[in-house]
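S.K.: If you scroll down you'll find the structure; I have some questions about it.
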Amino acid sequence: MTHTDPAGPVDLVVRDAGLLVAETGREIPGGWVAVRGPTVSALGGPGDPVPEAVRVISAAGRLVTPGLVNTHHHIYQNLTRSFAPVVNGTLFAWLTGLYPVWAQLDEEAVEVSTYIGLAELLLGGCTTTTDHLYVHPRPRLVDAQIRAARDIGFRFHPTRGSMTRGQKDGGLPPDSVVQTHDAVLEDSERLVAAYHDASPGAMLRIALAPCSPFSVTEEVMRDTAAMAERLDVRLHTHLAEDHDEDAYCLEMYGCRPVEYFERVGWGTDRSWVAHCIFPNDEEMARLAAWGTGVAHCPSSNMLIGHGTAPVTRMRELGLPVGLGCDGSASTDHASMWLEARTALALSRYRNGPGAGLTARDVLDIATRGSARCLGRDGELGVLRTGSPADLVVWHADDVAMAGAHSDLVEAWLRCGPARAGTTVVNGRVLVDGGELTLGALPEMLAAHRRISLAMQRSVS
């Protein structure tokens, strides 16, 4: 049953879903979603009249969810995926082996790698991502990322990453990829002034993101926190990712990383951190009291050999926990579906079947939890009337899904692999019939191959 809207047909209706998960706790069998312009105009179930639409997409038998939200990434690293000299190293050995390659980054390399990285995220059902670009051998690299995101129409939260401790200061990175305190702060303020959009439904927001406690000075951490407060933007960094980080903070600052985090002014609900594998119970309670979010990156943490964050305990304490696919040279993929499935399996391995996460828990983490980390709770990661029209119709091969009739959410993560059949961002269909609608993709793939080979061969 359809009805005519006095305002005319809506732009898009996705209808007859096997199951529509509008948001955590609201599931509609046979549901539909209507989109007008960049927003959800209505949604309902089989008994509700469906508005006339310019385009109708059938989701018969499929799971429809809000778009997934990625809370931690280093997209430029897709230029060095599975780089043989470092794949079996520790975190610090991995970093020191790749810094000379990344020192060659320029605007073209960053723009092309970002375009490819965002395309990959779309195929995995991601409609909003942050990115942490902390290697700056040349100026205006974040600007290049923003150009790529705007070309595609991707909802983007880039962070202005930074490193100021080079090898001459006892740090890990070569001096060619670090910057001075003043250069970091000046460019951070420039980017916020030029690009940050605080309005509801914004497609672009900037956050400030010193790389880690061991890669910038205490002054940079403090001054970045003060700037974020003054400009009303968010803060991001790596925290409690490695035991070497514990040792470094104890030697340099006389305390563990979470205490140092608080000391430099980061203990706030403005902050979200990546990994957070090794906090103790008291530290998790402090993070929860501050409202600091955690980007859970299960695949990266396992591949580097670190273990996994205590996500179940964090959620019990009330920490905002989101999902992150992390760097394309550590995880070697950018599929949020695969990251979600890994989070499910790893939680049950760590905690046992009675205490591990369910598929619905993981979907909540990848949508509502991630939106909380980015300061967009209730706006992103949900499908409500008036919310941004970011949604996914999931597809899995009929053979792989044979027999999975009783619970489409559990089947979504347990069967598969699942892939986005349709991805809608801000009302625009960017994946259609399982294929990207990006006209420049072949040209960008060719450029990516050329740049990646040149960078890797230069240090081989």
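Just so it is clear, none of the values below were taken in a lab; they were calculated from the coordinates. Treat the numbers as computed from the prediction; the structure is a model and nothing was measured. Positions of Cβ are generated from backbone atoms using ideal geometry, with glycine treated the same way; all protein chains shown enter the neighbour counts.
S.K.: Taking R0 as 41 Å, what's the FRET efficiency between R26 and R150 from their Cβ-Cβ distance, rounded to 0.05? If you can, show how the numbers build up before the last one.
M.R.: Details: r = 32 Å, r/R0 = 0.79.
Computed FRET efficiency for R26 and R150 comes out at 0.80.
S.K.: Rounded to the nearest 5, what % of the DSSP beta bridges within the chain are antiparallel ones?
M.R.: Details: 28 of 65 bridges.
Among the beta bridges of the chain, antiparallel pairing accounts for roughly 45 percent.
S.K.: Just to confirm my numbers, what's the Cα centroid distance between segment 1-40 and segment 229-274 in Å?
M.R.: Taking the Cα centre of each part, segment 1-40 and segment 229-274 sit 42 Å apart.
S.K.: At R0 = 30 Å, how high is the FRET efficiency between E435 and T312 if r is their beta carbon distance? Nearest 0.05 is fine.
M.R.: That gives a FRET efficiency of 0.20.
S.K.: Continuing with the same structure: Per 0.36 nm of contour for each residue apart, how much would the distance between N280 and A183 grow if the chain were fully extended, relative to their Cα-Cα spacing?
M.R.: Extra length available between N280 and A183 comes to 31.4 nm.
S.K.: Any idea what the alpha-carbon Rg over 2.2 N^0.38 Å comes to for the chain?
M.R.: After normalising by residue count via 2.2 N^0.38 Å, the value is 0.95.
S.K.: Give the angle, between 0 and 90 degrees and rounded to the nearest 10, that separates the Cα long axis of helix 281-290 from the longest principal axis of the Cα atoms of the chain.
M.R.: Taking Cα atoms only, the helix is inclined about 70 degrees.
S.K.: While we're looking at this one, here's another question. What FRET efficiency comes out for the pair R450/A355, r = Cβ-Cβ distance, R0 = 56 Å, nearest 0.05?
M.R.: After rounding, the FRET efficiency stands at 0.70.
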